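Here the structure comes first, spelled out in structure tokens, and everything after it is commentary.
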Amino acid sequence: MAHGLNPAQSDAVNTLSGPLLVLAGAGTGKTRVVTFRIANLIRNGTSPDRILAVTFTNKAAGEMKERIGELLGYSKRRKKKGEKRPEPTISTFHAHCVRVLRRHAKALGYPAKFSIYDRSDQESLARSILRELRLPGTALKPGDLLNIISNWKNASIMPERAPLEASNDKEHLAAAGYRRYQEGLKSRGAMDFDDLLLQTEILFDEHPAIRDEEAGRFDHVLVDEYQDTNGSQYRITKHLAGKHRNLCVVGDDDQSIYAWRGADVTHILNFKNDWPDAKVVCLEANYRSCGSILEMANRLIQFNKYRHDKVLRPSRPDGIRPRIAQHKDEIKESQSVVGEIKHLIENEHVQPRDIAILFRTNEQPRLFETELRKADVPYVMLGSQSFFDRREVRDMVAYLKWIDQPDDEVSLLRVINTPARGLSPKAVKTLMEHAVAAGVPIWQIMQKPDVVAELSPAAQRGVAQLQSIHHDVNTRAKSESLSAAMETLLTQTSYSDEINRLYDEPEDRQNRMASLGEVTNALSAFEDNRENADLTGFLADIALSGREMGNEKDKLAMQNAVWLLTLHAAKGLEFPVVYMVGLEEGLLPHSRSVKSGRDEDIAEERRLCYVGITRAQEKLTMSLALTRRKWGKPRPTIPSQFLYEVTGQAENAKKYQRQQRPVAR
Ligand SMILES: Nc1ncnc2c1ncn2[C@@H]1O[C@H](COP(=O)(O)OP(=O)(O)OP(=O)(O)O)[C@@H](O)[C@H]1O
Ligand SMILES: [Mg+2]
């Protein structure tokens, strides 16, 4: 068993009972300890089905299962022959709570087959509640209501207590809405995502017999990434382990990055208070990253004031020094990163799956996607919707296609009534019938006054609006520029109203608006880099890079593709080659934290940066662009303060940032 474990790890793996805490830095083998310990418990006679392990993502759960199988020498072939073997339960908190609730939802007054509401289900419920409450649309948006409720639920605050917690007008209104929302869910036999945790907590609190039954299913509970547990998860864990006390938690306070979703790092830091006899194991050797990568990570995290100071030693040689690459603009950044990746794959035999591009915000991957597609490098994206799959981007591209080529019926039909302009399905059907009868594309039929006259007045106005959009955008594209034409398109379609209609959460809206900005950026960049740039050329460019992704994503992941990940989604993973991109103030640290300026907000961004750096095993490149387009206009950027911190120039950071001075290495 000691094979592949250092003495401290062996100590943890061989501690087979009682509370156990492993608090240690990145890449020290915490997840490995959990995996090996499960295998060890089984070897020592614990029946696999008496073990519950909780991971942060489904991906991590899958990997852990596989690894345990390997350790125990289970072959897939034997399994396939239909041999039944008890297995440990390895899942996320949410997935485990669903199992518990399916067994006992009735005790809470929910049907056993309760449905789980996604965001758009929640939004329609929230809208109907606000209508019932007769709140003017401006007082509280459905998205605001849902956000406030989610924060309360994450803090285990129930509707009865919400009025006492409310501290401003919106929250007071939301407190009234919360009760109705909760009743609304219940009468529909539904729970939202937060409920899965909260209702399980309530179930355990109010029904000791059920709690004991559920806790009695296991003799061992193990939790990975314990630093990111919220209140409900923390209490559920305590309930599950309360009797047998065989609770093993592992985590790293420096990698706590979900405070914004209610996670509380004190759960791991105070573990000893809850379980005074807990054995604490520290792991100090990092097996993942080469020495010089680790040195950077260590330097960076020292700048966080409040942390549990830990030793983190490299066990690998220094290796290649991490690089900081500064590029003229964001296009150069993406081209150069993808160019290097292509070179690594083609000339240095690096496997695509061994390479990751990590970014902070959802707008960043667009350029990298474009370049990867052009270069024909397979990629897979996690933790963020593919830019080209986004509804608003698809809408804009459809508009542009139709404007360029009015007979493109597929594109026209996509946007004919988006945003709504009186062209109801019925009106469209009438137009289609005429088009089919005349054997011409629908847009040509829409130019015929006698056909249009058959439509309702609202639909007639819709047709007129489309005609002027088509004319004005085209004219501006020809007389001025593509990015200017895009501006006309956005104003004339009032597309931002459509976004406000579809999305209530301020953050959602901001993100969606930002993707429209990205389309403008793409047009403006295309014009800068191409002679005789026209719409046709731009659309051809996208089409060239726009092979169908959609459902292919999962298949690609199984195969061999470069990873495009948000920093949040990268937690717990590792890659031989890592590119961290956009190290600029306003991206990393995120603009929200820069604006708030609060130490704790910057500290969380720093932890995110630390998570990013510590994903790299051999080769780390951090990059930034010296100018970046915003709404089509290049703006100078400010290098991220973290770059000066990792290179030992923190004391001059402010001065150097002002000068946009290259980060010295
Ligand atoms: N004793 C060891 N000998 C060799 N390799 C090891 C040892 N312990 C861990 N490793 C390897 O080091 C890498 C990091 O391990 P692991 O992912 O378990 O770390 P972690 O502490 O969970 O990291 P994170 O904080 O990022 O979640 C893995 O590739 C793992 O296989
Ligand atoms: Mg881990």
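Residue-by-condition table, conditions (1) closer than 23 Å to Y379 by Cβ; (2) among the aromatic types (F, W, Y); (3) away from ligand 2 (no atom under 16 Å from the Cβ); (4) not assigned by TED's automatic domain parsing to the domain that holds W260:
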| site | (1), (2), (3), (4) |
| --- | --- |
| L567 | yes, no, no, yes |
| G586 | no, no, yes, yes |
| H590 | no, no, yes, yes |
| R598 | no, no, yes, yes |
| V611 | yes, no, no, yes |
| A616 | yes, no, no, yes |
| L626 | no, no, yes, yes |
| Y644 | no, yes, yes, yes |
| G648 | no, no, yes, yes |
Q) Under the condition of being out of contact with any strand residue (DSSP E or B) (no Cβ under 8 Å at 6 or more places or on another chain) and farther than 19 Å from H568 by Cβ, which residue from the stretch 597-621 is least open to solvent (accessible area, probe 1.4 Å)? A) G597
Q. Pick from G612, G586, G572: which is under 16 Å from the mean Cα position of the chain (by Cα), at positive phi and not aliphatic (A, V, I, L, M)?
A. G572
**Q.** Selected residue [free of Cβ contacts under 8 Å to residues at least 60 places away in the same chain, in contact with a strand residue (DSSP E or B) (Cβ under 9 Å, 6 or more places away or on another chain) and either outside any helix (DSSP H, G or I) or surrounded by 16 or more Cβ atoms within 10 Å (Cβ to Cβ) (or both)] from G177, G184
**A.** G184
Q) Where in the stretch 324-433 are there helices (runs of 4 or more DSSP H), lying fully within it, with 2 or more residues that are farther than 30 Å from T493 by Cα? A) 330-347, 365-374
Q) Out of the stretch 9-34, which residues are in a helix (DSSP H, G or I) and closer than 16 Å to V54 by Cα? A) K30, T31, R32, V33, V34
(Q) Considering only residues that are at pLDDT 80 or above and surrounded by 18 or more Cβ atoms within 10 Å (Cβ to Cβ), which ones fall in the stretch 123-146? (A) L125, A126, I129, L130, L140, K141, P142, G143, D144, L145, L146
Q. If you go through the stretch 491-520, how many residues are modelled with pLDDT under 85 and open to solvent by less than 20 Å² (accessible area, probe 1.4 Å)?
A. 2
Q) Can you find a residue in the stretch 267-286 that is within 16 Å of ligand 2 (Cβ to nearest atom) and assigned to a helix (DSSP H, G or I)? A) yes
Q: Check the stretch 577-596 and report whether any residue there is within 15 Å of ligand 1 (Cβ to nearest atom), open to solvent by 20 Å² or more (accessible area, probe 1.4 Å) and modelled with pLDDT under 90.
A: no
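Yes or no, residue by residue, for (1) within 30 Å of L294 (Cβ to Cβ); (2) modelled with pLDDT of 90 or more:
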| position | (1), (2) |
| --- | --- |
| N14 | yes, yes |
| G25 | yes, yes |
| L52 | no, yes |
| Y74 | no, no |
| K79 | no, no |
| G82 | no, no |
| H94 | no, no |
| L101 | no, yes |
| A105 | no, yes |
Q. How many of the residues in the stretch 202-229 are touching a helix residue (DSSP H, G or I) at 6+ places or on another chain (Cβ under 7 Å), farther than 24 Å from N40 by Cβ and open to solvent by 10 Å² or more (accessible area, probe 1.4 Å)?
A. 4
Q: Inspect all residues belonging to the stretch 148-169 and state whether any of them is open to solvent by less than 20 Å² (accessible area, probe 1.4 Å), out of contact with any Cys (no Cβ under 9 Å at 6 or more places or on another chain), farther than 29 Å from D224 by Cα and part of a helix (DSSP H, G or I).
A: yes
Q: Go over the candidates R592, R606 one by one and state the one that is over 22 Å from S334 (Cα atoms), under 21 Å from the mean Cα position of the chain (by Cα) and in contact (Cβ under 8 Å) with a residue 24 or more places away in the chain.
A: R606
(Q) Step by step: first the residues of the stretch 6-45, then only those that are of a type in the set (S, T, Y), near ligand 1 (Cβ under 10 Å from one of its atoms) and open to solvent by less than 30 Å² (accessible area, probe 1.4 Å), then the one that is nearest to L240 (Cα to Cα). Which residue is that? (A) T35
(Q) Regarding the stretch 438-448, can at least one residue be identified that is part of a loop (DSSP other than H, G, I, E, B), within 29 Å of V338 (Cβ to Cβ) and out of contact with any strand residue (DSSP E or B) (no Cβ under 7 Å at 6 or more places or on another chain)? (A) no
Q. Among the residues of the stretch 23-40, how many are more than 10 Å from ligand 2 (Cβ to nearest atom) and touching a strand residue (DSSP E or B) at 6+ places or on another chain (Cβ under 8 Å)?
A. 4
Q: Kindly indicate whether G69 is open to solvent by less than 30 Å² (accessible area, probe 1.4 Å) and more than 14 Å from ligand 2 (Cβ to nearest atom).
A: yes
Q | Tally of residues being hydroxyl-bearing (S, T, Y) and open to solvent by 70 Å² or more (accessible area, probe 1.4 Å) across the stretch 522-540 | A | 1
Q. Restricting to the stretch 276-318, what's the tally of residues that are closer than 30 Å to L16 by Cα, open to solvent by less than 20 Å² (accessible area, probe 1.4 Å) and away from ligand 1 (no atom under 15 Å from the Cβ)?
A. 1
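The values are calculated or read from the model by the stated rules, or taken from the named source; none is laboratory data. Here the structure is a predicted model, which means the values were calculated and not measured. Positions of Cβ are generated from backbone atoms using ideal geometry, with glycine treated the same way; all protein chains shown enter the neighbour counts. Please note that ligands, DNA and RNA were not included when accessible areas were found on the heavy atoms of the full protein model with its side chains. Shrake-Rupley method; radii C 1.70, N 1.55, O 1.52, S 1.80 Å.
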